[in-house]
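Heads up, the thing below is written out as C-alpha cells.
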Amino acid sequence: MNTAWSMSLVSIFLISGAAPSQFSLSKLFNKISPSVVTEEEAGQGIKEALTQGVTTAVLNLNKKDGFFGSEVYKVLLPPDAKKVETTFRKIGMGSQVDKAILAINRGAEDAVGSAKPIFIDAIKEMTVTDAIGIVRGNKYAATQYFKQKTSEKLVAAFTPSVKASLDKTYATKYYGDIVTTYNRLPTTFEKANPDLTAYVVGKAVDALFDQVAQQEAEIRANPLARTTEILKKVFGSSH
C-alpha cells in the first residue's frame, strides 16, 4: 500500500475515532480523497467486490446440500401440497414425500449455477455512476440493483434450467406421482397442482438474493478485507 494512501487511511481513522471494522463502505468512500482514488478506480473496485460477492453467493447454493442441508433455504413442498404430505405420512408413504423433497432441493442446487453469468453481465453493464450510487446508497443498494437488473433474466434462465434439473433428479416424477395419487383419493376434494417448476424457480431466486444481500453486508462491514490490488487501493488493506 503506498504512503499517500496509508496517510489517507490514518487520517480517516483519526477523524472518525472508529476501528477499521466499524467503518461503513459509504462513509469510507466519502472520506477518500479524489487525488488518491479516481472515480474510475472506485467503480472498478466496486465491480470487483461485487463479482467476488455474487460468486460466493452462487457457490454457497450451487453445491450438494446448498439447499437441502440448509435450515434457511431448504425447499419444502408447495403450500397447496401440505395436505398431500400429511395424508401420505398418515398412510405410511412418507418415504415418497421425502424422496420428492430431496429431489426438489437437488434440482434447485443444480439449477442455481446458471445465475453467475447473469450477475456478471449486470456487473459489466454497471456504469461508474451506478457503482458510486451503490457505495453511497443504503445497505441493500447492490442487492436492489441486482434485483432490478436480473430478476426477469433469472426467472427466464431458471425456468428451463430448473425444469431440466427437476426432471434429471426425478423430482418431477416423485412429486407428480404423489400429487396424482393424492388427487385420485376419494377423500380429496381440492386438487393439488403437480407443476413444480414455477414454485422452485421462485424459491431459488429468493435464496440467491438473500445470499447476495449477505455478501453485500460483508462488503460493507469489511471494506478493508480485500485481496486484489485495485480493491486494496480503493478500500485499503488490512495489512
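Results, tabulated for the structure shown:
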{"read-out": "Residues 38, 169, 127 arranged by fewest to most Cβ contacts within 10 Å", "value": "127, 38, 169"}
{"read-out": "Sorted by Cβ density within 10 Å, fewest first, the residues 102, 50", "value": "102, 50"}
{"read-out": "Calculated FRET efficiency for the pair residue 102/residue 184, C-beta based, R₀ 30 Å, to 0.05", "value": "0.80"}
{"read-out": "Inter-label distance for residue 40 and residue 55, nm, one decimal - labels placed 7 Å from Cα along Cα-to-Cβ", "value": "2.4 nm"}
{"read-out": "Stokes-Einstein diffusion coefficient of the stretch 82-138, Kirkwood radius over Cα pairs, 37 °C, 0.692 mPa s, in µm²/s", "value": "218 µm²/s"}
{"read-out": "Cα shape, the stretch 87-181, gyration tensor, a/c 1.5 rule", "value": "prolate"}
{"read-out": "Rounded FRET efficiency, nearest 0.05, which uses the C-beta distance separating residue 164 from residue 128 and R0 of 41 Å", "value": "0.60"}
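Bear in mind these aren't lab numbers, they're just calculated from the coordinates by the rules spelled out. Quick caveat, the model's predicted, so the values are computed rather than measured. Virtual Cβ from ideal backbone geometry, glycine too; neighbours counted across all protein chains shown.
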